[in-house]
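**Student:** The structure that follows is given in the form of structure tokens.
Since every read-out is calculated from the coordinates, none of them should be taken as a lab result. Only a predicted model underlies this, so the values are computations on that prediction, with no experimental measurement involved. Counting neighbours? That spans all protein chains shown, and the Cβs are built from the backbone with ideal geometry, glycine included.
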Amino acid sequence: MNSIVVVGSVALDSVKTPEGESREALGGSAVYFSLAARLFVPVSVVGVVGKDFPSRYRRMLSERDVDLSGLKETRGKTFRWVGEFGRDLSDAKTIETHLNVFRTFRPSLNAAHRRSPVVFLANIDPEIQAEVLGQMESPVVAACDTMNYWIESKPRGLKKLLSRVSIFFANEEEAKKLTGQSNLFRAAGMISEWGPAIVVIKKGEHGAILKVGRRLFAFPAFPMESVKDPTGAGDSFAGGFMGYLAGTGDFSDVQNLKRAVLYGSILASFNIEEFSTKNLEKLARAHIEERLADFSDRLNVEKDEPFAVSR
Ligand code: AMP
């Protein structure tokens, strides 16, 4: 079975939403990604934490079979992010970003990690993402994600990285900022000209766009009436998408890629029901399959129960 190496942030997040707040809770792009992808394939995290990183978080991840042999602990403080979501819960407003131990982190992959067939470069400094990619022996698939913070501070490094990956994930705002395009289909086309043959643009409750080669697809999101904390929606989407594809071993069948979007949406929908990683921690593959069947039913335009329209 394929395994995935993920490099990204391992964080202590303080998040405020209209539904409440969490302080110094477990977060980070690599954490959300691995908690989603581990439900499909073995996942190894490459990253760094400070001496203040609670051991219970390490234990929780290990108990869920996330390999932490590449998670270094150094002197200094763990990465911290402070964010806020407004009423419409669309985009996160970053209040504070403290890179802390990530400021000087230079990853060094062990032999097993270097040989992994799939690498996911989750949201972190594009220079760190490039260093990890450079150490991989011959990955079959390399995918990456980013955030406004890096689009603004390291645009050249990011663009260089894009020329070396096959799959790229962005949310609506990031895709527009990166390309200067207001039409998302054109933005996806422009990004794919820079390198990645597969581009996924996430639009929160409005679904996602998938560009595969020349073909474009649009998907709705799983309808959610109760959302507590959208933090990590993008990373858990990527974890579901990449995990499913790595599990099947087929990254080129278009039907499979479309199914991966549904898995990504399902993982994100579970994640946003609770603060921090609470829901992802409890999740089992059966819950995912059950919601996927429900989602597929709702998407089926060929048949459904009759509905009495007259009163
Ligand atoms: P998302 O899936 O986009 O909601 O990602 C949320 C996670 O990204 C949070 O748990 C943060 O800890 C992490 N994060 C926020 N800003 C950055 C950044 N500049 N670099 C890396 N990770 C970040």
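**Student:** Between Ser69 and Glu193, what is 0.36 nm times their sequence separation minus the Cα-Cα distance? Round to one decimal in nm. Before the final figure, lay out the partial values.
**Tutor:** Numbers: separation 124, 0.36 × 124 = 44.64 nm, distance 3.61 nm.
Going from the current span to full extension adds 41.0 nm.
**Student:** Hey, any idea what Rg/Rh is for the range 262-311, computing Rh the Kirkwood way over Cα pairs?
**Tutor:** Details: Rg = 14.7 Å, Rh = 12.7 Å.
Answer for the range 262-311: 1.15.
**Student:** Taking the number of other C-beta atoms within 10 Å as the exposure measure, put Met190, Met242 in order starting with the fewest.
**Tutor:** Arranged by neighbour count, lowest to highest, Met190, Met242 become Met190, Met242.
**Student:** Here is a further query. Please compute the Kirkwood hydrodynamic radius of the chain from all pairs of different C-alpha atoms, in Å with one decimal.
**Tutor:** 19.4 Å
**Student:** May I ask what percent, to the nearest 5, of DSSP beta bridges between residues of the chain are antiparallel?
**Tutor:** 40 percent
**Student:** Before rounding to the nearest 500, sum -39500 (n - 2.57) across all DSSP H runs of length at least 4 in the chain and divide by the residue total; then give [θ] at 222 nm in deg cm²/dmol. Intermediate values should be presented prior to the final figure.
**Tutor:** Numbers: 12 runs with 119 residues, N = 311.
Per the formula, -11000 deg cm²/dmol.
**Student:** Counting other Cβ atoms within 10 Å, which trypsin sites (Lys or Arg not before Pro) in the range 43-112 have at most 13 and lie in a DSSP loop?
**Tutor:** Here the sparse-neighbourhood loop sites are Lys51, Arg75, Arg87.
**Student:** Filter the cross-link list Lys176/Lys303; Lys51/Lys93; Lys202/Lys282; Lys159/Lys202; Lys51/Lys160; Lys51/Lys159 down to pairs whose alpha-carbon distance in this structure exceeds 31 Å.
**Tutor:** As for pairs spanning more than 31 Å Cα to Cα, those are Lys176/Lys303; Lys51/Lys160; Lys51/Lys159.
**Student:** Using a simple spin-label model with points 7 Å from Cα along the Cα→Cβ vector, what separation in nm is obtained for Ser153 and Glu225?
**Tutor:** That separation, rounded to one decimal, is 4.1 nm.
**Student:** A follow-up question, please. For the pair Glu137 and Asp91, what calculated FRET efficiency results from E = 1/(1 + (r/R0)^6), where r is the Cβ-Cβ distance and R0 = 41 Å, to the nearest 0.05? Write out the running numbers ahead of the final one.
**Tutor:** On the way: r = 37 Å, r/R0 = 0.91.
Efficiency at R0 = 41 Å is approximately 0.65.
**Student:** A further question follows. How large is the translational diffusion coefficient of the range 138-186 in µm² per second when you combine the Kirkwood radius over alpha carbon pairs with Stokes-Einstein at 25 °C and 0.890 mPa s?
**Tutor:** 214 µm²/s
**Student:** Now a separate question. Between Gln181 and Ser310, what's the calculated FRET efficiency when r is the beta-carbon distance and R0 is 51 Å? Round to 0.05.
**Tutor:** 0.65
**Student:** Less than 19 Å from a label point 7 Å out along the Cα-to-Cβ axis of Ala218: which backbone N atoms in the range 158-173 qualify, by residue?
**Tutor:** 170-173
**Student:** How do Asp91, Asp253 rank when sorted from fewest to most other Cβ atoms within 10 Å of their own Cβ?
**Tutor:** Numbers: Asp91 16, Asp253 13.
Listing Asp91, Asp253 from fewest to most nearby Cβ atoms yields Asp253, Asp91.
**Student:** Turning to a different aspect of this structure: Do any GluC sites (Glu not before Pro) in the range 225-311 lie in a DSSP loop with no more than 12 other beta carbon atoms within 10 Å, and if so, which?
**Tutor:** Glu225, Glu302
**Student:** Just want the answer: with Cβ charges of +1 for Lys and Arg and -1 for Asp and Glu, which residue in Phe241, Ala30, Phe219 is farthest toward the dipole's positive end in the range 4-297?
**Tutor:** Positive-end residue among those listed: Ala30.
**Student:** Same structure, new question: Rg (Å, one decimal) plus Dmax (Å, integer) for the alpha carbons of the range 221-272?
**Tutor:** Expressed in Å, the Cα Rg and Dmax of the range 221-272 come to 11.5, 35.
**Student:** Working only with C-alpha atoms, what are the Rg and Dmax values of the range 57-215, expressed in angstrom?
**Tutor:** Radius of gyration, then largest Cα-Cα span, for the range 57-215: 16.7, 48 Å.
**Student:** Using only Cα atoms, what Kirkwood radius does the range 1-82 have, in angstroms? Walk me through the numbers on the way to the answer.
**Tutor:** Values: mean 1/r = 0.0765 Å⁻¹.
Answer for the range 1-82: a Kirkwood hydrodynamic radius of 13.1 Å.
**Student:** When Leu245, Leu26 are ordered from fewest to most other Cβ atoms inside 10 Å of their Cβ, what list results? Display every interim value, and only then the final one.
**Tutor:** On the way: Leu245 29, Leu26 25.
The fewest-first ordering by Cβ neighbours comes to Leu26, Leu245.
**Student:** Here is a follow-up. Could you tell me how far the Cα centroid of the range 229-294 sits from the Cα centroid of the range 75-147, in Å?
**Tutor:** 19 Å
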